[in-house]
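I have placed the structure first, in the form of structure tokens, so that the comments after it can refer back to it.
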Amino acid sequence: MEVDSAHGPDDAGLPAHARRLSTQGREVYLVGTAHVSLESVDDVRETVEQVDPDTICVELCQARYESFTRPDAWQKMNVFKVIKEGKAALLLSHLIMSAFYKRMGDRLGVRPGADMLEGVRLARERGADLVLADRDVQVTLKRTWRRLSLWNKLKVLFVLLSSALAEPEVDRKAVDDLKQADRLEDVLLEFARAFPAVKESLIDERDIYLAQKIREAPGERVVAVVGAGHVAGIARAIEREQSLDSLEEVPEPSLWTRSIKWVVPALILAIIAYGFYSAGAAHSLESISIWVLVNGVLAAAGAALALGHPVTVLAAFLAAPITSLNPTIAAGWVSGLVQAWVKKPTVADLEGMSEVVTAFPKGLWRNPVSRILLVVVFSNLGSTLGTFIGGSWIAARSF
């Protein structure tokens, strides 16, 4: 593979952030962009105008493509299905990140994802093939989530929420600097030190995935619009044929993860039973009371923090002590379904999901749909804390 890091005679008009690769007898032009940069939109347009490609690849999957091009996609969401499939936390994370990019875009006067949309627009306008080259966002998020420990999951949620709530201090020069490969590699390196599994799923695997999709794209001249942080990885991976099957699978939870779900409840029950035989029925009843109250109160507090209906708060209280001992169901699922039943979302609520991002973070509590997501997540967090606090308390008084 021949890689042109500097523009040759035929590349005189290419933007500084466009990189030409010669591979498989074809010309591939990688346009490294920042997703909230007007300059990136110009880079995409100038590259396409000069290259006149047969195909334009964009760093979007089908779901993200539809969210960008069909703002009414929220209307088709089945809230009950989201809860039952355990996707509430993933969807809430997506809303938080969307809010962060929206706020950055507002400060810079550009719509988040405008670089990708420009690639889509130009493909349609010029009759070029359009390739959605990114891995499905749900697969990426699930693979990332499965690899994180409980502590790192909490850290990631905290970072996401802090990023969304903080006022982004950015300007055009800062965004342009971020498009420089060395600067972005430094940022990713720091992120990788804190969350190596996140970096592997979000960056490294997608470098390989994007490279393979670009390899498979039809035509002699291909322009690929990708985030600047992916350019170096794609350039390294594009020459080698890759199977994407393994990258599209959602890995099963580890044996330890599957085991701990059953070990913790079994251990709690064993401790309560031990207390019964060693200290009598009264001691055992006190331990059960501690378990019920700690689990129930913290799960109910989570539902209340999400501004759940009083019936929802009561459901969280009643469900948590039981669901904490049953790994097949979560307290948040029960409270979320109750909230969805008590305050059944309307079409107007689903249509208003786009406003959640605009009015973040208050919009999360105002919209009945996003409030259901908060109920699920906060109830589960409360129940998880209740399991560890209540279990530790019972163990401490039993030995």
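I'd like the FRET efficiency for ALA63 and ALA282, computed as 1/(1 + (r/R0)^6) with the beta carbon distance as r and R0 of 35 Å, rounded to 0.05. Before the final figure, lay out each step's value.
Details: r = 56 Å, r/R0 = 1.59.
The formula returns an efficiency of 0.05 here.
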Quick one: net charge around PRO327, please, counting Lys, Arg +1 and Asp, Glu -1 for every other residue with C-beta under 13 Å from its C-beta. +2
Please compute the length gained on full extension between LYS81 and ILE389, using 0.36 nm multiplied by the number of residues separating them and subtracting their Cα-Cα distance. 107.8 nm
Per-residue Cβ contact counts at 10 Å, fewest first, order SER335, SER201, SER243 as SER243, SER201, SER335
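With a 10 Å Cβ neighbour count serving as the proxy for reagent exposure, in which order, fewest first, do SER254, SER67 appear? If you can, show how the numbers build up before the last one.
Details: SER254 11, SER67 18.
Lowest to highest Cβ neighbour count: SER254, SER67.
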Over the Cα atoms of the range 255-398 the radius of gyration and the largest Cα-Cα distance (Dmax), both in Å, equal 17.6, 59
Using the number of other C-beta atoms within 10 angstrom as an exposure proxy, rank ARG70, ARG146 with the fewest first. ARG70, ARG146
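No value in this document is a laboratory result; all are computed from the given coordinates. Being a predicted model, the structure only gives us computed values, none of them experimental. Cβ atoms come from the backbone with ideal geometry, glycine included; neighbour counts cover every protein chain shown.
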